[in-house]
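Below: one structure, written as structure tokens.
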Amino acid sequence: MAKLEKVIYTARAHTTGGRDGGASRTDDGRLDIRLSMPGTPGIGTNPEQLFAAGWSACFLSAIKLVAGKKNIVLPADVAIDAEVDLGLAHGVHGLAARLNVNLPGVDRQVAEGLVEAAHHVCPYSNATHGNIEVTINVINEVQTMDEQHA
């Protein structure tokens, strides 16, 4: 594990009650949410949804960074549908994730190269390397999550 040489940003959140009816709020107030267990009728989101949103946003920024360094112009409708599974392995809770990267109109080989490079640039990807099962799919047409599961 590499120690940070320079801290660029620190996120701070205060959480009470955990994932079962709890709440979480950032120190700047930009995030103020209620929490609930996955699959329950509770009001609020859950940590898996937050991780899916955070990782996919970071990964998309990493793709844009890599593309910019290679002078590759990306279409405006580039998107990522992230899926995070909460499950059990040998009686212990764990995660698995899939990032479905939509790069419409981008040559498949170029798209795969961008995704591979982004997976080494993105801090969330670096945090998950060797820690959870990760699958990254390159999709060359825009599909919504609803269309993928139809």
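With the largest listed first and rounded to whole Å, the semi-axes of the equivalent ellipsoid of the chain from the Cα gyration tensor are 28, 20, 16.
If Lys and Arg each add +1 and Asp and Glu each add -1, what is the summed charge of the other residues whose beta carbon sits under 13 Å from the beta carbon of Thr15? With Lys, Arg at +1 and Asp, Glu at -1, the net is +1. Of Glu133, Glu48, the order by accessible heavy-atom surface (1.4 Å probe, DNA, RNA and ligands excluded), from most exposed downward, is Glu133, Glu48. In the stretch 1-147, the DSSP beta bridges split such that about 70 percent are antiparallel, to the nearest 5.
Note: relative contact order over the stretch 1-59, using C-alpha pairs below 8 Å and six or more positions apart, is 20 percent. Scanning the chain for trypsin sites (Lys or Arg not before Pro) lying in DSSP loops with no more than 16 further Cβ atoms inside 10 Å, the longest uninterrupted stretch between such sites is 71-150. Between Glu133 and Ala2, the simple label model (points 7 Å from Cα in the Cβ direction) yields a spacing of 2.9 nm. Charged neighbours of Pro47, selected by a Cβ distance under 12 Å, balance to -1 (K, R count +1; D, E count -1).
Axis angle, to the nearest 10 degrees, between helix 47-69 and the longest C-alpha principal axis of the chain: 20 degrees. Hey, in the GNM for the chain with a 10 angstrom Cα cutoff, which one of Val101, Val66, Val110 fluctuates hardest? Fluctuation is largest for Val110. 3J(HN,Hα) couplings calculated from phi for the stretch 91-98 with the Karplus curve 6.51 cos²θ - 1.76 cosθ + 1.60 (θ = phi - 60°) are, in sequence order, x, 10, 5, x, 10, 9, 9, 10 Hz; Gly and Pro show x.
Only Cα pairs under 8 Å and 6+ residues apart enter the sum, and on that basis the relative contact order of the chain stands at 17 percent. Annotation note: chymotrypsin sites (Phe, Trp or Tyr not before Pro) in the stretch 1-96 located in DSSP loop regions with a Cβ neighbour count of at most 13 within 10 Å are Tyr9. The GNM of the chain, with springs linking C-alpha atoms under 10 angstrom apart, assigns the highest mean-square fluctuation among Ser61, Ser125, Ser24 to Ser24.
The values are calculated or read from the model by the stated rules, or taken from the named source; none is laboratory data. Not measured: the values here are computed from a predicted model. Neighbour counts run over all protein chains shown; Cβ positions are idealised from the backbone, glycine included. Heavy atoms of the whole protein, side chains included, go into the accessibility calculation; ligands, DNA and RNA do not. Shrake-Rupley method; radii C 1.70, N 1.55, O 1.52, S 1.80 Å.
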